[in-house]
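None of the figures in this text is laboratory data; all of them are computed from the coordinates on show. Treat the numbers as computed from the prediction; the structure is a model and nothing was measured. Here the Cβ is made from the backbone with ideal geometry for all residues, glycine too, and neighbour counts use every protein chain on show.
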Amino acid sequence: MAAGLAVTVLAGCAPVQSGPAATGADQQTGQLRVWLFDEVNRGPKEAVVKEAVTEFQNAHQGVTVDVQYIQVQARAERFKAAFSDPKSAPDVAEFGNTDLAGYVAGGGFGELDLSSWADAKDLLPAVLDTGKVDGKVYGVPWYVGVRALYYRTDVFTELGLKPPTKLDDIAPLARQIRAAKPDLLGISAGGKYTYGAMPFVWANGGDIARKDGDKFVAAIDSPESKAGLRQYTELIADDICPPAQCAGNGGDASVEAFRAGKAAMTIGGDFNRKSVDASAAAGKYGIVPLPGKTEGSVAPAFAGGNLLGVMKGSERKSLATEFVKLLGGKQYQRKMFDAMGNMPTFGDVQADVAKANPVVEPFIKTLGAGTKFVPVTANWAKIDAQALLPNLIQEVATGGNGLDAAAKKAADAMNAAFAS
Amino acid sequence: MMRAHKGDGRIAFAYLTPALLVLVGLMGYPIYQLVLISLFDYGQEQVSGGAPLTFLGLENYATLFSDTKFWSVLGQTVGFAAVCVLGTLVVGAALAVLATRVRTWARTVLFLAALGAWATPTVAGSTIWLFLFDANFGFVNELLGTTGFSWTYDRWVAFGLVAAQVIWCSFPFVMVTLYAGIKAIPGEVLEAAALDGASALRTARSVMLPLLRPLLIVVTIQSIIWDFKVFTQIYIMTNGGGIAGRNLVLNVYAYQQAFAASEYGLGAAIGVVMTLLLLLVTLGYLRALRKSGEAL
């Protein structure tokens, strides 16, 4: 009895843990809960999703699908709450591929069995990799996002310039434009724009981290990485993109300056195209792949994008998987492209889309040239939350800290996160 | 002298029990959990039951104290809070005195304006200030003719702007409290001082200040606690801690390092340290007052 009491007391003396996620149950009817991300202009997305829901409900008697749109900014809190309390969790969810490793480690998503899915063979391997952890698939890539170089055709024509063909040309070109047109940013490059900066690092042969056995080791302070960082931070200077204006900008704000007609170039994603078409820069811009180190090459882009996955605690796993296959399948990816401009993840659908829309060609060329990704480890969420890379870029760009010292500091902090 | 009856203590305890229960439930239990969590490796994996709990003892605290960034953020927070507290007290007290000297209509306008600032939700207030101080479209830059000047870029300018916002939304509490205090000073006392030939300054120092002392203590401690815990203003106005995190304060730092990164154990440790610091400040302040002969 004393021992029993001791156990009770000990158990009372530990922070709460939620019980193991519900398992076993695989119901074939009832309500399927789906979480998708809200968008600035959600209408077209909602229409396509509604169509898929109707199709799904017609095919499955006694099943209703409840779709909730959650805010991207609040996603961390929403998903953490869902993982901690399986009862309030959805069955299917859309989520960013950089969040995957953390979510899987947190026990959030279950492995997907795609073996019987005909569409699966056409998923681009590099893109499917962003849905894998340790070789197992946890998410179907719903769309992929890659960035390329946007430039103002009117400004380039007026000054008799051509878009850059190698990375080293960007800074001089941007400087020349700002000298000629002081009210324009040579290139809108943000200090918090990690995925705009990383291609510079990758093109120089550097990387965020490298795999050493089954552990990651920071590589952001290697000579190659530093060369890339130097090249990117050179852009955040008074004669190209003044720090007071640019150092605090992330990706959205960087593109926003281009949209407002205040920048001659920027690094933007295929997902930004629609919004640029509805801006001051509409009709007078062109897109080329961000050039690489050597003439005519392409800098490796970050393979961003969103996945569709099935929650581990779901009581309707088969239905949920079916829904993922429907919404993430070729037919609806094509519809999502038409509605939102989301780049499909199937090779054949991509080719199809490119044929009908020549304007997405630079993005597909970028994808074809090979993409890179962040380290697939649950610790990436920590590195991301601690803003290690943006802080590194900002420190160098604002002159607060020399490149060597700042890179070393970031690498140390990263290694500490990898080790935890 | 009354003799305490046997059983008085028990009755007193019975009367206090409801308050005690509320305090234990609302304050004691969360603090107990906070301390407990700070002793474990407690991340998202552990919360969802996907990984076993590991007891770390004081390791989270060791990690925290060996982090140079923690110390610089702590220093920054203390400095920032000190400026905000001083500013709030000076502005609040000055306006309270002003309110006792002006006509009724002017006082009504002053109070309405102050209450408006007080009632504005922090998020809305911070955002509106950002609009006012926007580099390109802001009213302030237009007024000063400094279009293009970024108020949130330079470290000290950014801190100054946020401090001004914090003072703006917290001075009304000080003003209203002190105004009530000044009004409560009996007219005879002031009249007696005037008859004795005391100057206005002398009256303020030797008559009004001692009488207002208990109120000043309350508003000072309140302000210290509020301003030490500032989160919203820094988070919104400096976009999560400024360029390269140079405008971080402890609360935002804790959120970023611990909660956003799912390191709840470490985050709880920061919370415990903040609680202890605030308790120390409050206790030290009360002690200093006691020593100078003024019981609260």
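I'd like the FRET efficiency for residue A:42 and residue B:21, computed as 1/(1 + (r/R0)^6) with the beta carbon distance as r and R0 of 45 Å, rounded to 0.05.
Numbers: r = 47 Å, r/R0 = 1.05.
Between residue A:42 and residue B:21 the formula returns 0.45.
How large is the helix-only mean residue ellipticity at 222 nm for chain A, computed as the sum of -39500 (n - 2.57) over DSSP H runs with n ≥ 4, divided by its residue count, in deg cm²/dmol to the nearest 500?
Working: 19 runs with 178 residues, N = 420.
Using -39500 (n - 2.57) per qualifying helix, the result is -12000 deg cm²/dmol.
Return the sequence-ordered ³J(HN,Hα) values of the range A:113-126 in whole Hz as given by the Karplus equation 6.51 cos²θ - 1.76 cosθ + 1.60 applied to θ = phi - 60°, using x for Gly and Pro.
Karplus values, whole Hz, x for Gly and Pro: 9, 9, 4, 9, 9, 5, 4, 4, 5, 8, 5, 5, x, 5.
What list of ³J(HN,Hα) values in whole Hz, one per residue of the range A:347-360 in order, does the Karplus curve 6.51 cos²θ - 1.76 cosθ + 1.60 (θ = phi - 60°) give from phi, with Gly and Pro shown as x?
My calculation for the range A:347-360 gives x, 6, 5, 4, 4, 4, 5, 5, 5, 7, 10, x, 5, 8 Hz in order.
Tell me, which cysteines of the protein assembly as shown are without a disulfide-compatible partner by the Cβ under 4.7 Å rule?
Unpaired cysteines in the protein assembly as shown: A:13, B:84, B:169.
Given R₀ = 25 Å, what would the calculated FRET efficiency be for residue A:224 paired with residue A:405, taking r from the Cβ atoms and rounding to 0.05?
0.90
Could you line up A:226, A:372, A:284 from fewest to most neighbouring Cβ atoms inside 10 Å?
On the way: A:226 20, A:372 17, A:284 14.
Ascending number of Cβ neighbours within 10 Å: A:284, A:372, A:226.
So what are the ³J(HN,Hα) numbers for the range B:81-93, from phi and the Karplus equation (6.51, -1.76, 1.60; θ = phi - 60°), rounded to whole Hz, Gly and Pro as x?
5, 4, 4, 5, 5, 4, x, 4, 5, 5, 5, x, 5
Can you tell me, using C-alpha contacts under 8 Å and at least 6 residues apart, the relative contact order of the range B:67-291 as a whole percent? Please list the in-between numbers first.
Numbers: 210 pairs, mean separation 61.2, N = 225.
Once normalised by length, the contact order is 27 percent.
What residues have an amide H closer than 5 Å to that of residue A:31, excluding those fewer than 5 places away on the same chain, when H is modeled at 1.01 Å from N in the peptide plane?
When sequence neighbours closer than 5 places are left aside, the close amide H contacts are A:64.
Given the options B:258, A:92, B:21, identify the residue whose Cα lies farthest towards the positive end of the charge dipole of the protein assembly as shown (+1 on Cβ of Lys, Arg; -1 on Cβ of Asp, Glu).
Of B:258, A:92, B:21, it is B:21.
Where both partners of a DSSP beta bridge lie in chain A, what percent of those bridges are antiparallel, to the nearest 5?
Details: 29 of 43 bridges.
Roughly 65 percent of the DSSP beta bridges within chain A come out antiparallel.
In whole Å, what is the distance between the alpha-carbon centres of the range B:179-207 and the range A:87-141?
The range B:179-207 and the range A:87-141 have Cα centres separated by 75 Å.
Could you work out the local net charge near residue B:81, counting Lys and Arg as +1, Asp and Glu as -1, over the other residues with Cβ closer than 14 Å to its Cβ?
Details: positive: B:229; negative: B:227.
Within the 14 Å Cβ shell, the charges total 0.
If you place +1 on the Cβ of every Lys and Arg, -1 on the Cβ of every Asp and Glu, and leave all else neutral, what size is the dipole of the protein assembly as shown about its Cα centre, to the nearest 20 Debye? Before the final figure, lay out the partial values.
Values: 60 positive and 60 negative charges, 343 e Å.
In total the dipole reaches around 1640 debye.
Would you be so kind as to identify which of B:226, B:123, B:181 lies farthest towards the positive end of the dipole of the range B:67-291, taking Lys and Arg as +1 and Asp and Glu as -1 on Cβ and the Cα centre as origin?
B:181
Using a 10 Å cut-off around each Cβ, can you sort A:246, B:169 from fewest to most neighbouring Cβ atoms?
On the way: A:246 27, B:169 22.
Sorted ascending by nearby Cβ count, the order is B:169, A:246.
Can you check what the net charge comes to around residue A:193, using other residues whose Cβ is under 10 Å from the Cβ of residue A:193 (Lys, Arg +1; Asp, Glu -1)?
After counting each charged neighbour, the total is +1.
Which of A:241, B:84 comes first, and how do the rest follow, when ranked by fewest Cβ neighbours within 10 Å?
Numbers: A:241 28, B:84 25.
The most exposed by this proxy come first: B:84, A:241.
Relative to the longest principal axis of the C-alpha atoms of chain A, give the angle of the C-alpha long axis of helix A:330-340, reported between 0 and 90° and rounded to the nearest 10°.
That helix lies at roughly 50 degrees to the long axis.
For the protein assembly as shown, give the share of DSSP beta bridges that are antiparallel, in percent and rounded to the nearest 5; count only bridges with both residues there. Let's see the in-between values first.
Values: 32 of 46 bridges.
Antiparallel bridges make up about 70 percent of those DSSP assigns within the protein assembly as shown.
Going through the range B:42-144, which trypsin sites (Lys or Arg not before Pro) have at most 12 other Cβ atoms within 10 Å and a DSSP loop state? Write down the numbers at each step before the final one.
Details: sites: B:69, B:101, B:103, B:107; in loops: B:103.
Of the trypsin sites (Lys or Arg not before Pro), the ones in loops of the range B:42-144 whose Cβ has at most 12 other Cβ atoms within 10 Å are B:103.
Find which of A:328, A:74, A:263 sits farthest along the positive direction of the dipole of the protein assembly as shown, computed with +1 on the beta-carbon of Lys and Arg, -1 on that of Asp and Glu, about the Cα centre.
After comparing all options, I get A:74.
For the range B:113-174, which chymotrypsin sites (Phe, Trp or Tyr not before Pro) are in a loop by DSSP, counting at most 14 other Cβ atoms within 10 Å? Intermediate results must be reported in sequence, preceding the final value.
Details: sites: B:118, B:129, B:131, B:133, B:137, B:139, B:149, B:151, B:153, B:156, B:159, B:168, B:173; in loops: B:133, B:137, B:149, B:151, B:153.
When the chymotrypsin sites (Phe, Trp or Tyr not before Pro) of the range B:113-174 are filtered for loop state and at most 14 Cβ neighbours within 10 Å, B:137 remain.
Give, rounded to the nearest 20 debye, the magnitude of the charge dipole that the range B:67-291 has about its Cα centre when Lys and Arg contribute +1 at Cβ and Asp and Glu contribute -1 at Cβ.
So the dipole magnitude of the range B:67-291 works out to roughly 600 debye.
Please tell me which of these pairs span more than 19 angstrom C-alpha to C-alpha: A:181/A:262; A:166/A:192; A:226/A:408; A:192/A:382; A:136/A:335; A:274/A:335?
A:166/A:192; A:136/A:335
Might you report the magnitude of the Cβ-based charge dipole of chain A about its Cα centre, with Lys and Arg at +1 and Asp and Glu at -1, to the nearest 20 debye? Mind showing how you got there, number by number?
On the way: 43 positive and 46 negative charges, 50 e Å.
About 240 debye.
Using only helices, what value at 222 nm comes out for chain B when you add -39,500 (n - 2.57) per DSSP H run of length 4 or more and divide by the total residues, to the nearest 500 deg cm²/dmol? Each step should come with its number before you reach the end.
Values: 15 runs with 205 residues, N = 296.
Taking each H run of at least 4 residues, the total per residue is -22000 deg cm²/dmol.
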